[in-house]
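Notes for the one structure printed next.
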Amino acid sequence: MISKENIQNRMIQAVETVKRTNPMAGSITNSVTINFVANAQLAVGGSAAMVYLPDEGEFLAKAGAATYINVGTLLPVYEQTLPRTAKVLHDLSKPWVLDPVAAGFGLLRTELLRQYKEYKPSVIRGNASEIIALAGLWGLDGSSEESHVRGVDSTDSVIAARAAAVALARWTGGAVAVSGKTDLITDGSVIAFSQGGSHFMEKITGSGCSLGGVVAVYATAASPFIAALTASSVYNLAGSRAENEVDGPGSFQTRFLDELYKATAVEIANNPFEIEEV
């Protein structure tokens, strides 16, 4: 198994590369969180571009270093945009991040997520219920758990999604990040548990969506597993620090972006996490 020190060194390298190169990680994300996703990507050192039309999605997939696709608040045009963009990303072997928001809810959402199985996203980031639902939709081992999706909220524990996350990661050859009180990140052979964060993250819109966008930023400079773990670590670090300085969700969101911006590579790599073999 890869050592924790080696993982931390690769995380440091990813953060420093992003801050030095300002890579463009475009997004097709839900209308509720566009602003927050873009600001978070900028705060960690990336460059943001937000689109929703089919031809623009294809252009973004070709031009960007990585792409983030979020299936929240779907519009009819997304029936064309999302599969066409994912196909280009897959055909060009470009890294991309899938956020299966509210997986298992609605016919269009279900069909779009079903199509993504063949396009093998580099990283899948979601809450426990979404990860369980997606594994079930794709018919993968580990999907025997029944998902309990409630809109965009999870009613399942992170550990309940462990088998589903491992199965998804092994299918895609990438990584899966399950967000919760303690985040679970796996590449199918190793699992990392990242600690920190804040209870205020549940009181603002877009903490999970913006995390997906930041994963895409780091995916321009690192493997899927390192990208997902680095993003989770900076979020947990910034969340913990921001919570100590504020007394409500409004000021938390502002302070959180500040802490994302200020976090150094070494601080991010040293945010508490544990690893274990699958």
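If only residues of region 155-174 that are of a type in the set (S, T, Y) and over 15 Å from the mean Cα position of the chain (by Cα) are counted, the one that is surrounded by the fewest Cβ atoms within 10 Å (Cβ to Cβ) is T155.
Residues that are over 23 Å from A65 (Cα atoms), in contact (Cβ under 8 Å) with a residue 12 or more places away in the chain and of a type in the set (G, A, S) within region 90-144 comprise A102, A103, G104, G106, A128, S129, A133, A135, G136, G142, S143, S144, listed in sequence order. With respect to the conditions (1) closer than 14 Å to V44 by Cα; (2) modelled with pLDDT under 95, T264 lacks only one, and its number is (2). Screening region 27-142 for strands (runs of 3 or more DSSP E) wholly inside it with 2 or more residues that are surrounded by 23 or more Cβ atoms within 10 Å (Cβ to Cβ) and in contact with a strand residue (DSSP E or B) (Cβ under 9 Å, 6 or more places away or on another chain) returns the ranges 66-70, 96-99, 123-127.
Considering each of T220, T230, T205 in turn, give the residue that is touching a residue at least 24 places away in the same chain (Cβ under 8 Å), buried (at least 24 other Cβ atoms within 10 Å of the Cβ) and either among the polar types (S, T, N, Q) or on the phi > 0 side of the Ramachandran plot (or both).
Checking each option against the conditions leaves just T230.
When the residues of region 181-193 are filtered to those that are small (G, A, S) and on the phi < 0 side of the Ramachandran plot, which remaining residue is farthest from the chain's Cα centre (by Cα)? Among them, the one singled out is S189. Looking only at region 166-181, residues that are in contact with a strand residue (DSSP E or B) (Cβ under 6 Å, 6 or more places away or on another chain) and within 13 Å of P121 (Cβ to Cβ) come to 6 in all.
The values are calculated or read from the model by the stated rules, or taken from the named source; none is laboratory data. What you are looking at is a predicted structure, and each value in this text was computed from that prediction instead of being measured. Don't worry about glycine lacking a Cβ; one is built from the backbone with ideal geometry, like all the others, and counts go over all protein chains shown.
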